[in-house]
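What follows is one structure encoded as structure tokens, with my remarks underneath.
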Amino acid sequence: MSLLGYVFEKVRDDPFWQIGTMYTVMSVLIGVMYALGLTHPYMVWDMVCDSIVQSIQNSNAQADGDAGDSRGNSTLSVGRSVKIHGLRSERGRALNGKYGTIVTELDGETGRHGVMLKGGRILAVKPGNLTLVAARPFSGEGRDDVPGPARSCDTVEAAREKICGACERELPKDSFSEEQGRLRQSMRRCKDCLAGGTELVLMKTGRTRSEEDECPICNLPLPFDDGEVMLKVCCMKKLCNGCIFAARKQGMRNCPFCRAPVPDEESKTLPIIQKRVDAGDPIAFYALADAYRYGLHGAAKNIAKAVKYYKRAAELGEKDAHYNLGVLYEEGVGVKKDAAKAIQHWEAAAMCGHVSARYNLGCVEKDGGSWDLALQHWKISATLGDKGSMEIVRSMFMGGQWSAATNSLESILKSLSEYQSAVKEMSSPDRHKAKALGLDAIRWM
């Protein structure tokens, strides 16, 4: 594409390019008119400014309109394949044209559905930015840019298709055995995937910890015990107590990562968190939810606000928020008790590498009588370094409570070996000293 063609497309499609072009043209026009003595430049300039302001207001109204007046009016449902369109933010435009699957019903507070893309990433999208589509062809497996022919909601509903949790295709009901058809989407496999031994996406993803799970100072994986980690609200970074202990020994009272002063009063912490929330920081939303849930930093306990901010953090991809929402839905605290929603949130967290969520999914399968599936979950969390999962895997192995058809002896022994490696990676001399000293002692060093 030529440069002229590129500019033409931008001016045609992007309202801000239209405003910029109008500004340039009018500036040239002002100069010409002034040179010819036709009018005073300030009069024309006032006209230009008024026109630009009006254009901005129109573009904002158009962007709001594209998002759709969707609160409580969605005709979409969980399990449907959709295409994302009409997002106007810089980050959103990169998602336009992507295909995914709706995994949560319309949220009454945010007016958004949860949409899962290939690889397990979940986005919060308004119904007005989603178009219902048919299943993607199998040749597009592993891609989220292969469309299927669009069809009406009624047609899709009549087809009564189900989504396979392994190949992620939307298929007719007769593509699944009766037993598989009764399972939830993430656990069901079509006949082809069963015959070919294709692994569930839920079991393929979340097997490693992300960079977010590392201490940004020592670059070692963070311990799972919350008492061995501190969240620094100044930079919203989780630091291991070992690095904080080492900094305290050197006389550093400021944040060891960003060097910001530590608030001298607990009441000063909440405004710092709120400032980061206003900037759209997912971890800040999570921290604010924790503050309202437990009454931290001078905030009055308010479970409704905690749920609200957990949901916003989860929409932005914060896996700890998904995990906590799962716990609240499972216990019925602040929300109506809903086991299905609890599982959805734990699955979203587990596919991002959340160990406790993966452990809980193992418990769900065990309680449902699916010991082999439970063992698969616990093997994954054990390889990430979870001691409780490792002890269960070891106990099941010693007691013979496993099926060689789905959990080979080699895979179980490998999980136990990888557990030891994961634990070793989370260890350091400073962390051992900090653990022996205790969290409160480190804070007051």
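The values are calculated or read from the model by the stated rules, or taken from the named source; none is laboratory data. The model shown is predicted, which means the values in this text are computed figures rather than measured ones. Here the Cβ positions follow ideal geometry from the backbone for every residue, glycine too, while neighbour counts run over all protein chains shown.
Quick grid of which residues meet (1) in contact with a Pro (Cβ under 8 Å, 6 or more places away or on another chain); (2) in a helix (DSSP H, G or I); (3) surrounded by fewer than 17 Cβ atoms within 10 Å (Cβ to Cβ); (4) of a type in the set (Asp, Glu):
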site	(1), (2), (3), (4)
Gly165	no, no, no, no
Glu168	no, no, no, yes
Glu199	no, no, yes, yes
Asn219	no, no, yes, no
Gly227	no, yes, yes, no
Leu239	yes, no, no, no
Asn254	yes, no, yes, no
Val262	no, no, yes, no
Ser267	no, yes, yes, no
Legend entry - From the options Lys319, Lys341, Lys308, Lys301, residue that is basic (Lys, Arg), crowded, with 24+ Cβ neighbours inside 10 Å and either at pLDDT 95 or above or assigned by TED's automatic domain parsing to the domain that holds Gly385 (or both): Lys319
Legend entry - Residues of region 352-366 satisfying the condition of being within 21 Å of Arg189 (Cα to Cα) and not hydrophobic (A, V, I, L, M, F, W, C): Arg358, Gly362, Glu365, Lys366
Legend entry - Residue among Leu361, Leu375, Leu325 that alone is surrounded by 23 or more Cβ atoms within 10 Å (Cβ to Cβ) and at pLDDT below 95: Leu375
Legend entry - region 316-338, residues that are free of Cβ contacts under 8 Å to residues at least 12 places away in the same chain and either under 27 Å from Glu211 (Cβ atoms) or part of a helix (DSSP H, G or I) (or both): Glu331
Inset, instruction - Name the single residue, out of those in region 170-179 being part of a loop (DSSP other than H, G, I, E, B) and either over 21 Å from Gln344 (Cβ atoms) or in the same structural domain as Val82 (by TED's automatic domain parsing) (or both), that is modelled with the highest pLDDT. - result: Ser177
Legend entry - Answer from Lys387, Lys341 - the residue that is over 20 Å from Met187 (Cβ atoms), among the basic types (Lys, Arg) and in contact with a helix residue (DSSP H, G or I) (Cβ under 9 Å, 6 or more places away or on another chain): Lys387
Legend entry - Subset of region 279-315 (residues that are within 21 Å of Pro263 (Cβ to Cβ), within 13 Å of the chain's Cα centre (by Cα) and in contact (Cβ under 8 Å) with a residue 40 or more places away in the chain): Asp281, Ile283
Legend entry - Yes/no for Met390 being touching a Gly at 6+ places or on another chain (Cβ under 6 Å), in the same structural domain as Glu425 (by TED's automatic domain parsing) and of a type in the set (A, V, I, L, M, F, W, C): no
Inset, instruction - Filter region 180-197 down to the residues that are among the basic types (Lys, Arg) and surrounded by fewer than 17 Cβ atoms within 10 Å (Cβ to Cβ), then identify the one that is modelled with the highest pLDDT. - result: Lys191
Inset, instruction - Would you point out the residue of region 346-358, among those that are among the hydrophobic types (A, V, I, L, M, F, W, C) and in a helix (DSSP H, G or I), that is surrounded by the fewest Cβ atoms within 10 Å (Cβ to Cβ)? - result: Val355
Inset, instruction - List the number of the failed condition for Ala291; all other conditions in (1) surrounded by 20 or more Cβ atoms within 10 Å (Cβ to Cβ); (2) touching a helix residue (DSSP H, G or I) at 6+ places or on another chain (Cβ under 6 Å); (3) not basic (Lys, Arg) hold. - result: (2)
Inset, instruction - Restrict the check to region 188-199 and report whether at least one residue is in contact (Cβ under 8 Å) with a residue 60 or more places away in the chain and either over 29 Å from Lys387 (Cα atoms) or not small (Gly, Ala, Ser) (or both). - result: no
